[in-house]
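This report concerns only the one structure given below.
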Amino acid sequence: FDLAEKHTFAQQFCAMAEMAEEGFVDVSKEQDGGLLKKILVEGKGEDTPSPGSSVDVHYVGTLHSDGSKFDSSRDRPGTFKFEVGVGQVIKGWDQGILTMKRGEKCILRCRSDYAYGQNGSPPKIPGDATLNFEVELFDWKEKVKTPAEMTPEERRDHATKMKEAGTEAFKQGDFATAVNRYEDGVEYITFDPDSDDGHGHSHGGMPCSGHGDAADKTEPVELSEADKQLALALLNNCAMARLKNKDPDAAKFDCTKALQYDPKNIKATFRRAQAEFDLHNFKACQEDVARTLELDPSNKDAEALKRKAADAEKKEKKQEKAMYSKMFG
């Protein structure tokens, strides 16, 4: 062996010893011991991200030598999002996160050649440093063409897949992922290539920056009957997932968009009533409940919500009266 080969052999031997002692496995493509992984929390299902996917993670980075923390996404608002497997992050992340399942938490131990190399990343990461990253993978989106790059048929297919994925997540109680998928489907099926803003996007979530409240009043994109039914299903499903996820304001927005496509849609009317109730807008709730019963007189859920909203409104007025009596009595 020459000196370089001896050094490489020594590194691999040390890595094997670490794996045996601490429960790590070698997940490097080269199987050279440069990237070790230890699962802390098992993920769901069997799927893993593919290269180019936009992943959503939290991480805590520490030096392997002394355990000192040099960075953590948990110290900042929100999670860390990036495209994995395309060189946006260190080699250890690009390879290691591709092995993770949704919901998995693990430690990725990255040798220096899988991290920041001989130079390190001053002042916190010295040269030739092995790093430990505790990584939690929440979700990812596969890289797909933008709505503008797709044909109408491709947009319809993508929206249908997002509806199916959202429904699967909903069944598993993963309402945040369900919302994410339904939103994506709405964006694609309601895409307007002739939009004045040049982007042609229209989505079922809350108004994005620059739209303001006017987004509630814009005319819906003209759709074929089949596409309209798909958009309605996505918006109604998204509203239900948002209600489950304790986001009634966004659920109300989805329902209002759905009613632009079909003013007599029972599900959208009733779910908006549910959202109004959660927002303590009891009068608006009762108006939507009345409309629901007009469309479907035998709707037992609407009858129950009607009584619930009336009782809540009476209770609120009684509390207000008592409060004013204390203030001015």
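The values are calculated or read from the model by the stated rules, or taken from the named source; none is laboratory data. Here the structure is a predicted model, which is why all the values come from computation and not from measurement. Quick reminder, even Gly has a Cβ in these numbers, built from the backbone with ideal geometry, and neighbours come from all protein chains shown. For accessibility, only protein heavy atoms count, side chains too; no ligands or nucleic acids. Shrake-Rupley method; radii C 1.70, N 1.55, O 1.52, S 1.80 Å.
Things worth noting here:
- Scan of region 48-62 for residues that are over 16 Å from the mean Cα position of the chain (by Cα) and surrounded by fewer than 17 Cβ atoms within 10 Å (Cβ to Cβ), ordered by number: Ser50, Pro51, Gly52
- In region 163-198, residue nearest to Leu235 (Cα to Cα) [restricted to those that are open to solvent by less than 30 Å² (accessible area, probe 1.4 Å) and hydrophobic (A, V, I, L, M, F, W, C)]: Val186
- Of all residues in region 69-91 being in contact (Cβ under 8 Å) with a residue 12 or more places away in the chain and part of a loop (DSSP other than H, G, I, E, B), the one that is least open to solvent (accessible area, probe 1.4 Å): Val84
- When each of Asp262, Asp254 is tested for being in contact (Cβ under 8 Å) with a residue 40 or more places away in the chain, of a type in the set (D, E, K, R) and under 12 Å from Asn236 (Cα atoms), the lone residue that passes is Asp254.
- Pairs where the first residue, in region 228-242, is more than 9 Å from Ala268 (Cα to Cα) and in a helix (DSSP H, G or I) and the second is of a type in the set (S, T, N, Q) and open to solvent by less than 20 Å² (accessible area, probe 1.4 Å), C-beta under 6 Å, 6+ apart: Ala231/Thr190
- Test: Glu164 is over 17 Å from Gln260 (Cβ atoms) and either among the β-branched types (Val, Ile, Thr) or at pLDDT 95 or above (or both): yes
- Residue within region 241-258 that is under 30 Å from the mean Cα position of the chain (by Cα), at pLDDT 95 or above and over 23 Å from Phe170 (Cβ atoms) present: no
- Taken over region 105-115, residues that are under 21 Å from the mean Cα position of the chain (by Cα) and surrounded by fewer than 20 Cβ atoms within 10 Å (Cβ to Cβ) amount to 1.
- Pairs with Cβ under 6 Å, 6+ apart, first in region 164-175 and touching a residue at least 12 places away in the same chain (Cβ under 8 Å), second surrounded by 12 or more Cβ atoms within 10 Å (Cβ to Cβ) and among the hydrophobic types (A, V, I, L, M, F, W, C): Gly166/Ala178; Ala169/Ala178; Phe170/Ala178; Phe170/Ala241; Phe175/Ala241
- Residue match in region 250-270 (condition: over 18 Å from Tyr182 (Cα atoms) and of a type in the set (A, V, I, L, M)): yes
- Close pairs (6 angstrom Cβ cut-off, 6 or more residues apart or separate chains): open to solvent by less than 10 Å² (accessible area, probe 1.4 Å) in region 26-38, among the β-branched types (Val, Ile, Thr) anywhere: Leu35/Val27
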